[in-house]
Structure formats: C-alpha cells, structure tokens
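Data block below; observations after.
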Amino acid sequence: MLRKEMPLPEDARILVMRMSALGDLVFGLPVVENLRAAYPKAHLAWLVEDRFASLLQGHPAIDEIIVFPRKRKLAIFPHLLRLRRRPKWCAVIDLQGNLKSGLHLVFTRAKRKIGFAKGISREGAWRFLTHRVTVREDIHRSRRDLCLLKAFQSAPDTIKLESAAATPCAWGLPQEAVSEMAQSLDKAELQPKAFTLLHTAFTDYGKDKEWPPEKWAELAKRMRAEGHHPLALWTPADLPHVEKIVALADGALPLAPATPSLHHLMALLDSAHCVIGTDSGPVHLAAKRGTKTIALFGPTDPVRFAPPGPTQVIYAFGDETPPPRDRSQRSPRMDAIKVDEVLAAL
C-alpha cells in the first residue's frame, strides 16, 4: 500500500535506480526530468550499470551518476559498501524492481524507499521498499515510472503523465564524439539529415522481434528507388547478421559509420533524418532525442513500449493485444508487417 504522500525539502537528495536496459533507461528519464521541475534545488543522482553510464552523462536533470560495476564482479561488494557510506538520501526511487535493485536497497541509507508493489516488482525486491505503489500494467512504461512520483506531496501537480512521458530531450554530448561522427559522415560523403538509419538487429533475448531479412533488403531497394538514402546501423556483435541483409540489398544498403560508444551512437542518431527499427533501445533513444522514428511492433505492445517521441508505429494487428511471447523465434506478427506500410510511414 502507498503511505501518505510525503513532502520533501527543496534541497532533497534523491537517488533513482534503473540499471538496465537501454530502452528502459530511456523510458525512465521523464522521472528525473519531472523531479527536476518539481525540485529545482534538489540533488538528483542515478544508479546505473557501467555499460550504460555514458548514456546519462550530460543530461541536465542529473547531478550525479553512480556506476554499478556489473562487468567487474569482484568490485560489486566494495561498490555496495561505498554506497552504504554515502550521505543519507531523502528518498530512493527503484524503477528496476528486481533482485539486483533489491540488493542495492539493502545497502542504501534512506528512510523512504519507493518502488512498485508486488507483481511489477519481482524477485522479492518489494520487501525492501518502505512505499509500494500499485500501478496498472496496461499503460506506457514511462507513465508507469512517473506514477512512483505520486509518493511525493508536491510533485503530482507538476506532472502531466500523458505529455511528460513523450517529451523529447536532446542532452549534450562530448564534443570529441560529435566531431568524430561529423568526420565519419564527411568521409562517407553523407550530409546530416539526408540519410535514414535502418536498425535491423535483434538480441538473443528478443529473437521474436526480428523482421525478415528479405523485407529489410526490399525496403532498402525501394527506398533507394524513391530517392532516400538508407544506411544499416550496426555494432561488432551484430555485424554478421547485418552484413547478410546488406548483401541481399545488392548495394542499396551501405553500412552506417561505426559507433564505438553510446556517445557516438547518439551523435549518429541525431544526424539522421529518420530511424526505422523494431522495438529496441536505439529506436527509443533516437525518439527521445527528437529524431523521427518508425517503429515496427509485433510481439510487444506499442501501448506499453512505443518510443517516447516523434514516432510512427506500425503494428500489423491493430488494437489487438499480443499473445504471450516466444522469444526463441521470429514472431508471425513480424512476418505480417508489409514493406508498403513502412514506405507509407516514411
């Protein structure tokens, strides 16, 4: 149950915990953005995994980034002890809601530990909360996260859940990454806002989100025929898959410049006219930063996971709620999405 709403001092120390993954971090950003509006003098910190820490650097709502050393397992216990020694927080907001965040709650000194009630909070994490917020599951993830701010007395009046969840924000990037991406685009004779990025990759955990390679290749060919300039977004991990699609496209789909860091990725997304992809972190990130996106949804529900910005969603089954996911293979719902639909959205 949610306890009585709590006032906070103007200079409150507030810690937000969302450690992964990329898309979920993007969905959680409206929480700190609205906290900053409600408490402009507060000290707002974010606890995040090392692999995603650079995503948050430079965001105007965040004063401090606390890094969870996931890649260095022997460093976890010293990290927790350091967390324990920090000055006490006025409130901790747990957006993660699993065993990993529950462990951090144990080592975090705060009278107010706010998170989701059992059901959304999993693996016993709710047991370490002092304030458990019950929310509906059939709302957008950003709106769901914003519901946790109902635990604060002064915040609800400043939050409009519908608009706050989808507000774009292109925070600053290191000049080195911006310059290096500009040089890469210039070397490839690419002008900013004159190309469209195709994000064709998927993770082993989300194989059901794959759109057929032959459809990606057909899309690239038809885009070229209509005067568009598609580029294939890639990382070293998914390059073999991307190169197969590039080969099928018969020269219509060159590789995009390399993105050796999240800063480089954001610089590239910012430079694109549009980003086309499935329900994935890069698509959500592009939309959050204000780049137009076209998102292909099949096994996941766009009501809950649509990118938070200037987005067109293509969903082959109208308002029908997707059935339970089978992550081991491509969803028939992805097969049902037509190239003509994507071109029409573009």
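Miscellaneous remarks
- Residue match in segment 54-64 (condition: over 15 Å from the mean Cα position of the chain (by Cα), crowded, with 19+ Cβ neighbours inside 10 Å and either in the same structural domain as ALA151 (by TED's automatic domain parsing) or of a type in the set (Lys, Arg) (or both)): yes
- Residue match in segment 326-343 (condition: within 30 Å of ILE139 (Cβ to Cβ), at pLDDT below 95, assigned by TED's automatic domain parsing to the domain that holds LYS187 and out of contact with any helix residue (DSSP H, G or I) (no Cβ under 9 Å at 6 or more places or on another chain)): no
- Taking helices (runs of 4 or more DSSP H) as the structural unit, those lying wholly within segment 1-107 and holding at least 2 residues that are free of Cβ contacts under 8 Å to residues at least 12 places away in the same chain correspond to 76-85.
- Residue match in segment 51-66 (condition: within 23 Å of LEU268 (Cβ to Cβ) and among the aromatic types (Phe, Trp, Tyr)): yes
- Test: residue in segment 13-23 that is crowded, with 17+ Cβ neighbours inside 10 Å, touching a Cys at 6+ places or on another chain (Cβ under 7 Å) and of a type outside the set (S, T, N, Q): yes
- Hits in segment 287-346 - residues which are of a type in the set (S, T, N, Q) and in contact with a Pro (Cβ under 7 Å, 6 or more places away or on another chain): THR293, THR300, SER331
- Test: residue in segment 228-238 that is under 30 Å from ALA53 (Cβ atoms), over 26 Å from the mean Cα position of the chain (by Cα) and modelled with pLDDT of 95 or more: no
- Total residues in segment 227-245, condition free of Cβ contacts under 8 Å to residues at least 24 places away in the same chain, part of a helix (DSSP H, G or I) and either in contact with a helix residue (DSSP H, G or I) (Cβ under 8 Å, 6 or more places away or on another chain) or on the phi > 0 side of the Ramachandran plot (or both): 0
- Residues in segment 38-58 that are within 19 Å of GLY172 (Cβ to Cβ) and among the aliphatic types (A, V, I, L, M): LEU44, ALA45, VAL48, ALA53, LEU55, LEU56.
- Of the residues making up segment 265-309, those that are within 15 Å of the chain's Cα centre (by Cα), small (Gly, Ala, Ser) and within 22 Å of LEU190 (Cα to Cα) are GLY277, ALA286, ALA287, GLY290.
- Screening PRO257 against (1) part of a loop (DSSP other than H, G, I, E, B); (2) surrounded by fewer than 19 Cβ atoms within 10 Å (Cβ to Cβ); (3) touching a residue at least 60 places away in the same chain (Cβ under 8 Å) leaves a single unmet condition, (2).
- Residue match in segment 242-253 (condition: in contact with a strand residue (DSSP E or B) (Cβ under 9 Å, 6 or more places away or on another chain), farther than 23 Å from LEU346 by Cβ and surrounded by fewer than 24 Cβ atoms within 10 Å (Cβ to Cβ)): yes
- Scanning segment 182-239 for residues that are more than 22 Å from MET334 (Cβ to Cβ) and acidic (Asp, Glu), we see that the one that is surrounded by the fewest Cβ atoms within 10 Å (Cβ to Cβ) is GLU189.
- Look at segment 167-196: where a residue is outside the structural domain of LEU262 (by TED's automatic domain parsing) and under 14 Å from LEU262 (Cα atoms) and a partner is surrounded by 14 or more Cβ atoms within 10 Å (Cβ to Cβ) and among the basic types (Lys, Arg), sitting 6+ places away or on another chain with Cβ atoms under 6 Å, you get ALA170/ARG289.
The values are calculated or read from the model by the stated rules, or taken from the named source; none is laboratory data. Because the structure is a prediction, the values reported are computed rather than measured. Positions of Cβ are generated from backbone atoms using ideal geometry, with glycine treated the same way; all protein chains shown enter the neighbour counts.
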